[in-house]
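Q: The following block contains the structure, expressed as structure tokens.
The values are calculated or read from the model by the stated rules, or taken from the named source; none is laboratory data. Everything numeric here is computed off the predicted structure, so don't read it as measured data. FYI the Cβ positions are ideal-geometry reconstructions off the backbone, even for glycines, and counts take in every protein chain you see. Just so you know, the surface numbers come from the protein's heavy atoms only, side chains and all, with ligands and any DNA or RNA stripped out. Shrake-Rupley method; radii C 1.70, N 1.55, O 1.52, S 1.80 Å.
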Amino acid sequence: MSDVLSQEEIDRLLAALSQGEVNIEEVKKEGEEKKIRTYDFLRPQKFSKEQIRTVQMIHENFARSVSTYLSGKLRSFTSVNVVGIDQLTYDEYMKSIGNPSFITIFTAREFVGSSILNINLEIFYGILDVLLGGPGEVIDAKRVPTEIEIGIIKKEIVNILTSLSQAWASVHPFIPVVESTETNPQFVQVVPSNEMVLAVTFFVNFGKIEGYMSICWPSSVIEPIGEKLTTQSWFKIKQKEVTQELVENLKLNIKKAKLDVIAKIGETKLTLGEILTLEVGDVIRLREHYDDPIKIEVNGKTKFLGKPGQFKGNYAVKITEVIEEGEEE
């Protein structure tokens, strides 16, 4: 029931009271009862639902960006989707990571503390196999990666973290820096074990390879910017005033743009057999008459008509007519 009653609802309530169907004492007693909500002190909820929604939108943008990047890099369609955002303790998160795994610890000057990007080894070895010219198959996902293999994937991690920073740019811009990498989760300790974290999980799929990737945001990293994690901040658009100076600069930059200009003397069509039989001295007959104007194309579209000639000892074309918009054909 809404806080404000309609006139019809008020009339029905008064009628029920007058007829004795509703006991006013019982209504008062129900209103005085305290509403009790269970609270777990071991797992306190650090983030509101609105903040979780904003974090989800940020990472959905990140997932689309990474999907586009990996599709081009791996020469195969890659799907990256957010499958869950959980609030749990750091100890619980680390226990959920397989051993071995590929864990990247990263930080930024704009954040207080470090965060974690974890990629399971199915994805790690699948990307590595494609980058080294293979079909993208995983032979042994339980093998600990070598230093050379980690060095190759580290370059891709930098690009993935760049996509992450771009997804956060409208809320809290930052420049990510890789602190270190690890394969054993037991050796990774960025915050106390009982600190709450936001764990964002992604499902990655390309070719025959599928697996999970996750980002761990400790509460000590996210809480200082909690006020920015609202839908108002997310959808806020910074409008830039359009000045005459800005318009003139834009016109100037457009005028400096380079375009391909081609003067076509004539065209014709030949079969492949006719081309193969061409010899020195043969004459190719064009569709155009020698007196016809020459078509002048700008970026593939006919924009001018002209006549051939010379200018200062060089071949040249003199424009005799401008083709108006819509008359290109």
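Q: Which residue out of S65, S76 is assigned to a loop (DSSP other than H, G, I, E, B) and over 25 Å from V190 (Cα atoms)?
A: Just one listed residue meets the conditions, S76.
Q: Here is a follow-up. From the set of residues in segment 97-121 that are of a type in the set (G, A, S) and crowded, with 16+ Cβ neighbours inside 10 Å, which is modelled with the lowest pLDDT?
A: So, considering only residues that are of a type in the set (G, A, S) and crowded, with 16+ Cβ neighbours inside 10 Å, the one modelled with the lowest pLDDT is G113.
Q: If D282 meets every condition in (1) within 47 Å of the chain's Cα centre (by Cα); (2) modelled with pLDDT of 85 or more; (3) of a type in the set (D, E, K, R) apart from one, which number is that one?
A: D282 satisfies every listed condition except (1).
Q: Can I ask one more? Among the numbered conditions (1) farther than 23 Å from K95 by Cβ; (2) touching a strand residue (DSSP E or B) at 6+ places or on another chain (Cβ under 8 Å); (3) surrounded by fewer than 18 Cβ atoms within 10 Å (Cβ to Cβ), tell me where I153 comes up short.
A: Every listed condition holds for I153 apart from (3).
Q: Oh, and also: In the set E227, E182, E195, which member is among the charged types (D, E, K, R) and open to solvent by 60 Å² or more (accessible area, probe 1.4 Å)?
A: After applying the criteria, what remains is E227.
Q: Then there is this: Could you list, in sequence order, the residues of segment 156-171 that are within 17 Å of L117 (Cβ to Cβ) and open to solvent by 50 Å² or more (accessible area, probe 1.4 Å)?
A: V158, N159, T162, Q166
Q: Additional query: Cβ-Cβ under 8 Å, sequence separation 6+ or interchain: first residue in segment 75-94 and touching a residue at least 60 places away in the same chain (Cβ under 8 Å) and of a type in the set (D, E, K, R), partner crowded, with 17+ Cβ neighbours inside 10 Å and in a strand (DSSP E or B). Which pairs?
A: Pairs that qualify, where the first residue is touching a residue at least 60 places away in the same chain (Cβ under 8 Å) and of a type in the set (D, E, K, R) and the partner is crowded, with 17+ Cβ neighbours inside 10 Å and in a strand (DSSP E or B), are D86/L198; D86/A199; D86/T201.
Q: Among the numbered conditions (1) open to solvent by 80 Å² or more (accessible area, probe 1.4 Å); (2) without any contact (Cβ under 8 Å) to a residue 40 or more places away in the chain; (3) not in a loop (DSSP other than H, G, I, E, B), tell me where L305 comes up short.
A: Looking at each condition in turn, L305 falls short on (1).
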